[in-house]
Every structure is written in structure tokens, then in C-alpha cells.
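The values are calculated or read from the model by the stated rules, or taken from the named source; none is laboratory data. Please read all numbers here as calculations on a predicted model, not as lab measurements. In this analysis, Cβ positions are derived from the backbone assuming ideal geometry, glycine residues included, and neighbour counts consider all displayed protein chains.
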Amino acid sequence: MDQRLAELVEELTTSGEPRLEPGRMKELKKICKSSEEHLSHAFHLLVTRLQEEHAEMRFSAFQVVQELFARSHHFRTLLIANFQEFLELTVGIDHEQPLPPPKEVAQKLRKAAIRAVQDWHEKYGEAYKQLSLGYHFLKRNKKVDFQDVHARTVAERRREEERQKRLDNVYKEKVKRTEKEMEEMSQEIADTLTEMENCFQLL
């Protein structure tokens, strides 16, 4: 059964499709429902998928997580016990570890994860303290505006600012280089004119 679980998780997260394949998802849920051991195994398989350096895989894994989170107290307990890692892998709260490419899918993942955290907080926040703490951590420490459709974290804004700063520096360097080249050219032109003038005087 564990082998089949692994196959299903792999198939669901590597299809490249924007939506989960219903048949496989149904089979996965059925296996998970049969025992907490299988559910725990599925959880660890999904965390491994969330660690992949590919946003599409992470997004598919996140969708499976959403499905199981809504159906199982045990799964919620497992996820919330590892909530910081989950946020790092789906929201990108760690400045040192941005979400992997493709960028468009990473943005979609971030928005979906933030929406999910908000929904989970509203539905389960009172029952799961760590979930509530995670929500407030995003809101207060990471300055995530849950009403903002772009739902950009501080880390994301900082990366954007740093990117802009790098572009500005590159531009400034180009301007400096161009000015220097023009100065050198001006000197060359002046020297050439002087030489020509001297030649005419000799004539």
C-alpha cells in the first residue's frame, strides 16, 4: 500500500496539470482514510514534494495537502506541527530561500497558500493554536496583507527592491563608463586636431 501511495503522490505532483486528476486523488484519499499510518506516510511524501526546486511540483503537492487538510484532523495536526516549514516552502517567508521557478507558478502557489492559511485560520484557528500563531506571524511579522490580491510578503518586496537596486547600479556603472569613454574620446579628438594643426603649420 505504501508503494501505491508513493506512486499516486508522484503521479499527482508530476503531471504538470493545473488541476489534480480526480481518479488518482480519490484513490489517494481512500488509502489515507484506511489508516493513520498511511496518512502519515502520505504527509511525509507530500513534504518531500514541497521541497522540490520546481514550483509546479510544489503547487500540485500543495493542492493535495489542501484536500487532505480539509478531511483529516490527524493530517492537520501533522501539518501544523511543521507549519513553519510549510510556510517557507509555499509562501516563501524565508528571504534566503525564495520559491523556485517558474515565476508565474510560484506566484500562484504563494497566493493560493496565503488564501488557504486565511481559510484554515477562520475554520480551525481556535482548535489549533499553532495555526493561529502562523496566521498572525504572517500578518504581523511578514506583513502579509490577506486582503491584498498580490499577497506579497516582506521577503518578496525586499527581493524586488534589491533587484531594482542592482539594476540601478548597473545603469549607473554604464553611465560612468560612457562618460569616461567620452572623455577619452574628447582627448583623442583634441590630440588629433593638435597634430593636424601642427601639420598645417609645417606646410
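Listed values, structure above:
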item	result
Within region 124-148, tally of residues that are under 28 Å from Pro18 (Cα atoms) and exposed (fewer than 13 other Cβ atoms within 10 Å of the Cβ)	2
Which numbered condition Val91 fails, given (1) among the aliphatic types (A, V, I, L, M); (2) at pLDDT 90 or above; (3) touching a His at 6+ places or on another chain (Cβ under 8 Å)	(3)
Condition broken by Glu21, with the remaining ones in (1) under 17 Å from the mean Cα position of the chain (by Cα); (2) modelled with pLDDT under 95 satisfied	(1)
Qualifying positions in region 7-63 - small (Gly, Ala, Ser) and buried (at least 17 other Cβ atoms within 10 Å of the Cβ)	Ala42, Ala55, Ser60, Ala61
For Arg115: the one exception among (1) over 17 Å from the mean Cα position of the chain (by Cα); (2) modelled with pLDDT of 80 or more	(1)
